[in-house]
Every structure is written in C-alpha cells, then in structure tokens.
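Comments concern the structure below.
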Amino acid sequence: MHKTYTLQEAKRKLEGYCAYQERCHKEVVAKLREMRMIPEAIDQIVVHLINENFLNEERFAQSFARGKFNVKKWGKQRIVNELKSRDISKYNIDTALKEIDETDYLKTFDDLAEKRLTQINDKDPQRKRRKLADYLLYRGWEPHLVYDKIKQLVP
C-alpha cells in the first residue's frame, strides 16, 4: 500500500526536498510522480516551489556546474551534456558555465592530465596516449585541449 499525500503534505515534503539540495524541475516532477500525485497537483506544487524560491533552474545549473567541476573535475562538455539530460535551457547552461573561472579551468585540466599520466603504467607511448585521451575525454574535456596536452606530455 502506497502512502497518499494531501496537496499540503506534498508541498511541505517537496520544500524539504528542494531545501536540502538544489534540484531541477525534472527531478521534482519525477519525485512527485513517485509520490503518485496527479498532474494538476504536480503543476500546482511546482509553481508553488518556484514562487517560494525553493526551485530555481538557473541556481541549480550554476550549483551543478561548480560542484561537478570543483569536486569531480569534469570538463565543460560533460557538464553541458549532463545539464541537457536534465532538460536545462541553453540560457541556464551558458549562465552555469560562467561560474567556472577560465584560469582555474585550464589549471585543473593541466593538473588532472599530469596526475593521470603518472598513474598509467604502460610502456608503449601509443597506448599511453590513448589511455590518457580516453580518460580526459570521458570526463568531458574538450578534444582540442586533450590532444594538445597529450602531444606536450607524451612525445
């Protein structure tokens, strides 16, 4: 038996959900569907959360970009793709990327590439280059940065 929620209970529950951590609209709607709320109630609650500033997609995107860059060392491409998968608008994605300082971005990239290279125990330079490229590209760093760095690090 699933618990049923009144509109007020669901509002309060989602206020807590959004206050705990920045959320995007898609996550909030998914949570409400999980709670078996009807579409009209979902719309009402989402509007309430936006009006009360519990839900703000621009703020979510900025926080997401800062966190994934600072903590997980993701490049801009991965951040953009992840935000797109959450249905974040191009405007909010562009705003979010402005949260990342260009100097920090390039320094983080250099540090990450050099650190990863020391962890690759392969004597063959071709395989070494491929492993480093795969690692950096998977993390969402731009291909031109990756290949220039590899030329520099693994001659």
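The values are calculated or read from the model by the stated rules, or taken from the named source; none is laboratory data. Treat the numbers as computed from the prediction; the structure is a model and nothing was measured. Backbone-built Cβ (ideal geometry, glycine too); neighbour counts: all protein chains shown.
The residue that is farthest from the chain's Cα centre (by Cα), among those in the range 36-55 that are buried (at least 18 other Cβ atoms within 10 Å of the Cβ) and not β-branched (Val, Ile, Thr), is MET37. Exactly one residue out of ALA133, ALA65, ALA113 is of a type in the set (A, V, I, L, M), within 30 Å of LEU32 (Cα to Cα) and modelled with pLDDT of 95 or more, and it is ALA65.
Has the range 145-154 got any residue that is over 29 Å from GLU57 (Cβ atoms), outside any helix (DSSP H, G or I) and either modelled with pLDDT under 95 or touching a Lys or Arg at 6+ places or on another chain (Cβ under 6 Å) (or both)? Within the range 145-154, one or more residues are over 29 Å from GLU57 (Cβ atoms), outside any helix (DSSP H, G or I) and either modelled with pLDDT under 95 or touching a Lys or Arg at 6+ places or on another chain (Cβ under 6 Å) (or both). Of the candidates LYS84, LYS123, the single residue that is of a type outside the set (S, T, N, Q), more than 20 Å from LYS149 (Cα to Cα) and exposed (fewer than 14 other Cβ atoms within 10 Å of the Cβ) is LYS84. From the list TYR91, TYR105, the one residue that fits, being surrounded by 15 or more Cβ atoms within 10 Å (Cβ to Cβ), over 11 Å from the mean Cα position of the chain (by Cα) and either touching a residue at least 40 places away in the same chain (Cβ under 8 Å) or closer than 30 Å to ASP148 by Cα (or both), is TYR105. Taking the range 60-137 and the helices (runs of 4 or more DSSP H) fully enclosed by it, the elements with 3 or more residues that are outside the structural domain of GLU22 (by TED's automatic domain parsing) and within 23 Å of VAL28 (Cβ to Cβ) are at 76-85, 90-97.
Scanning the range 1-11 for residues that are surrounded by 12 or more Cβ atoms within 10 Å (Cβ to Cβ) and free of Cβ contacts under 8 Å to residues at least 12 places away in the same chain gives a single hit, GLU9.
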